[in-house]
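The structure's right below; bear with me while I get my questions together.
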Amino acid sequence: MKLKFIIIFLYFFVFSNLFAEPKIKAPTAILMDFNSGKILFEKEADQQIYPASMTKIMTAIIVFDLLQQDKIKLSDEVIVSENAWRMSKSGYSSMFIMLDDKVSIEDLLRGIIVVSGNDACVALAEGIAGTESAFADMMNEKAEEIGLINTNFTNSSGINDPDNYSTVRDIAIMSQYLIKNYPNYYEYFKELEFTWDRTGGEPIKQGNRNPLLYKRIGADGIKTGYLAVEKYSLASSIIGDERRLIAVGSGFLTKQARSDESSRMFRWALRNTNTYEISKKDLPKFKFKTWLGKDDYVEGYLKEDVYVTIFKKEIKDLKVYLKYNGPLKAPIKKDQEIGNLVLETPNEIEKVFPIYSSQNVKKVNFFKSLFLSFNYMIWGDA
């Protein structure tokens, strides 16, 4: 009897710990599934923080945006100002550019993303907007556009300024936006080192500061941070089990804690949750019966990819269904909303995704309409 009690106790102890939320000592953290956007874990995610060098994520977004619009090129060169040069002389993380150097935008991007160079940030900001303050205005406009409601930028690098603030939730959204919209440029974030062939000295090789890139957990970005007032921070992303996850934490007391706790969040998510693709946007996937239409059926499509992230133990409770008033009466116009895809998961408000017609469906002529109506009245067959 005693042995049976011990086995039962161990069973509940192991499984309660297996499904328990990850133990994170950092004062603020968040874990997100990239595709579904579902928040899997959060701890004081809307608490204001100083983002430190995670600010550079938005700096990169502004540059990537301009590159995609062909307003600048990677080969374009920027002349290093005294403001930018002095950043490398002030004890900050630096690429070590020299006064009046001509540096390509691509080299400056690597100096920002790989080695977290504050001097590279200022040089690029001034080269694009004229002044760093004007560049910060561009950053704030973009922050508003993508829905960062608790964020304000005053500089391009994240050096300490009480008015340069954000939250881990906003930084997760910002990271998701960058990865989704600039997949080719995001490749810079996984480069393990950058060598700057500087003027008047030996080339300087520096490694990427993201500690997760050196672990075998599928990490490929995104940005570290440190300020004395904030301690260590990290926005990171991994690919595992054919899905992408994003974690952001701030206030880690040590570099080791930053690495360990970020990894812990990812391992917990992969062990306890799954993400499923429900449907891809723009693909005709749904068929609806029509009434009085020249076509018996109309195909429908979604305007966004639909994914669902759910705890493995709750998969049996997932419900996915179509909701519409059918049959659909013709005429039906292309791109007209004709129904909804509904997802129901435990303990969450149902998610509704509009479905749109892939085609025009004309109404049958008067005589056929009369015949069909008469047929329906007698036989009830739509």
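Read-outs: derived from the displayed coordinates by stated rules, not from any lab. Small disclaimer: the values here were computed from a predicted structure and weren't measured. Neighbour counts run over all protein chains shown; Cβ positions are idealised from the backbone, glycine included.
What label, among (i) 70, 54, 40; (ii) 65, 45, 42; (iii) 92, 74, 33, belongs to Cα extents along the principal axes in Å computed from the structure on display?
Identified label for the calculated read-out: (iii).
Here is a further query. Any chance you could run the full-extension gain for residue 305 through residue 349? It's 0.36 nm times the residue separation minus the Cα-Cα distance, nm to one decimal.
My answer for the length gained is 14.0 nm.
Also, quick follow-up: Could you state the principal axis extents of the C-alpha atoms in segment 210-327, from the largest down, to the nearest angstrom?
If we take the Cα atoms of segment 210-327, the spans are 70, 28, 26 Å.
Give the Rg/Rh ratio for segment 280-379, taking Rg as the radius of gyration of the Cα atoms and Rh as the Kirkwood radius, to two decimals.
1.11
Right, here's the next one. Report the label-to-label distance for residue 48 and residue 322 in nanometres (one decimal), using points 7 Å from each Cα along the Cα→Cβ vector.
5.0
Test of understanding: what is the full-extension gain from residue 256 to residue 228, defined as 0.36 nm times their sequence separation minus their Cα-Cα distance?
8.5 nm
Separate question: Please compute P(r) over all alpha-carbon pairs of segment 99-221, binned at 10 Å starting from zero, and give each bin as a whole-number percent.
With 10 Å bins starting at 0, P(r) equals 12, 37, 39, 12, 1.
Separate question: Mean-square fluctuation check for the chain, GNM, Cα pairs under 10 Å: which of 59, 224, 273 is largest?
Comparing 59, 224, 273 in a Gaussian network model of the chain, the most mobile one is 273.
Considering the zone a paramagnetic label at residue 198 would reach in this model (a point 7 Å from Cα along the Cα-to-Cβ line), which residues of segment 101-127 have amide N under 13 Å from it?
Of the residues in segment 101-127, 101, 117-120 have backbone N under 13 Å from the label point off residue 198.
With a cap of 16 neighbouring Cβ atoms within 10 Å, and only residues DSSP puts in a loop, list the GluC sites (Glu not before Pro) found in segment 262-342. Provide the component values of the computation, followed by the final result.
Working: sites: 277, 299, 304, 314, 337; in loops: 304.
Qualifying residues, ordered by number: 304.
Past the 25 Å Cα-Cα mark, which pairs from 287/312; 73/255; 71/205; 303/323; 180/281? Walk me through the numbers before you get to the answer.
Working: 287/312 30 Å; 73/255 36 Å; 71/205 30 Å; 303/323 17 Å; 180/281 15 Å.
Among 287/312; 73/255; 71/205; 303/323; 180/281, the Cα-Cα distance tops 25 Å for 287/312; 73/255; 71/205.
Say a paramagnetic label sat at a point 7 Å from the Cα of residue 76, along Cα to Cβ; which residues of segment 109-153 have their backbone N under 12 Å from it?
So the set is 124-130.
For every other residue with a beta carbon closer than 12 angstrom to the beta carbon of residue 154, add +1 if it is Lys or Arg and -1 if Asp or Glu, then tell me the sum.
Its environment carries a net charge of -4.
In segment 25-161, if every C-alpha pair distance is counted and binned at 10 Å from zero, what percent goes to each bin?
Final binned percentages: 12, 40, 31, 14, 3.
At 222 nm, what value in deg cm²/dmol follows for the chain if DSSP H runs of at least 4 each add -39500 (n - 2.57) and the sum is divided by all its residues, to the nearest 500?
Values: 9 runs with 118 residues, N = 382.
Helix contribution divided over all residues of the chain: -10000 deg cm²/dmol.
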